[in-house]
Amino acid sequence: MSNDAPLTEVPAHLRTAVDTAKQKVADLHAELPRWELVVWTAGNVSERVRNDQGEDLLVIKPSGVSYDDITAEAMVVCDLDGNLVEGDRSPSSDTAAHAYVYAHMPEVGGVVHTHSTYATAWAARGEEIPCVLTMMADEFGGPIPVGPFAIIGDDSIGRGIVETLRGSRSKAVLMKNHGPFTIGGDAKGAVKAAVLCEEVARAVHVSRQLGEPLPIEQQHVDSLYERYQNVYGQR
Ligand SMILES: [Zn+2]
């Protein structure tokens, strides 16, 4: 954020980066119904576009657009105060929350929000998902925490996400009575966290139907997380 006047258009030197992000964010929205994370128009993906002048932008889905009508051209661009910078339609109603996260967590490059069923069921109970699966230790480094109850309309959702995730290694937070928000180094990373959050929410729920899932010792959680975040995968 800056004290200068708000941007009224995408600066020329960011044109290519913004257009690339629009295509990427549009394509990633298709992953949400594909993994059964959304119904109707609920759920959104955004990505940060870094500006070396210090005024970052974000690309996000417009409000109320059907998943079948999502194209790169339809995506909108906002500043980190949530003001519309470019686009024909109003931005997603969750834009303020996404913008708050980018403004206060400089390491975050992508944000996703869904109401995926199992993760939302944990959120409805206000219960964190305990770290009882190696997949959770790998991706989230511990339990998936619960954030405060917050209502859309001011920055309280964004504040709740940031305050909860700052004290955690988790890339996901279950906003109480609402649903999951996830973060990543880019939009794809945040989508991956949203898919895995729902998967572990489902698996731990199923496990609890038959008994009490066994916790993983902290030292093993730490080494799994360390390995997966730093060693695993193609370099
Ligand atoms: Zn929501």
Legend entry - Selected residue (only one of T71, T41 is touching a Gly at 6+ places or on another chain (Cβ under 7 Å), polar (S, T, N, Q) and in a loop (DSSP other than H, G, I, E, B)): T41
Legend entry - Any chance L32 is open to solvent by less than 60 Å² (accessible area, probe 1.4 Å), away from the ligand (no atom under 16 Å from the Cβ) and either hydrophobic (A, V, I, L, M, F, W, C) or over 17 Å from the mean Cα position of the chain (by Cα) (or both): no
Inset, instruction - Kindly indicate whether any position in segment 202-224 is in contact with a strand residue (DSSP E or B) (Cβ under 6 Å, 6 or more places away or on another chain), under 18 Å from A30 (Cα atoms), buried (at least 16 other Cβ atoms within 10 Å of the Cβ) and not polar (S, T, N, Q). - result: no
Legend entry - Lone qualifier among V101, V111 - being within 30 Å of S223 (Cα to Cα), in a strand (DSSP E or B) and within 16 Å of the ligand (Cβ to nearest atom): V111
Legend entry - Spans of helices (runs of 4 or more DSSP H) in segment 116-179 with at least 1 residues open to solvent by less than 40 Å² (accessible area, probe 1.4 Å) and aromatic (F, W, Y): 117-125, 134-140
Legend entry - Unique residue being part of a helix (DSSP H, G or I) and of a type in the set (D, E, K, R) when the list is R15, R48: R15
Inset, instruction - List every residue pair whose Cβ atoms sit under 7 Å apart, with the two residues 6 or more apart in sequence or on different chains, where the first one lies in segment 30-43 and is free of Cβ contacts under 8 Å to residues at least 40 places away in the same chain and the second, anywhere, is in a loop (DSSP other than H, G, I, E, B) and away from the ligand (no atom under 12 Å from the Cβ). - result: T41/G64; T41/V65; T41/S66
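The values are calculated or read from the model by the stated rules, or taken from the named source; none is laboratory data. Quick caveat, the model's predicted, so the values are computed rather than measured. Here Cβ is always computed from backbone atoms with ideal geometry, including for glycine, and neighbour counts include all displayed protein chains. These accessible areas exclude ligands, DNA and RNA; they are computed on the full protein's heavy atoms, side chains included. Shrake-Rupley method; radii C 1.70, N 1.55, O 1.52, S 1.80 Å.
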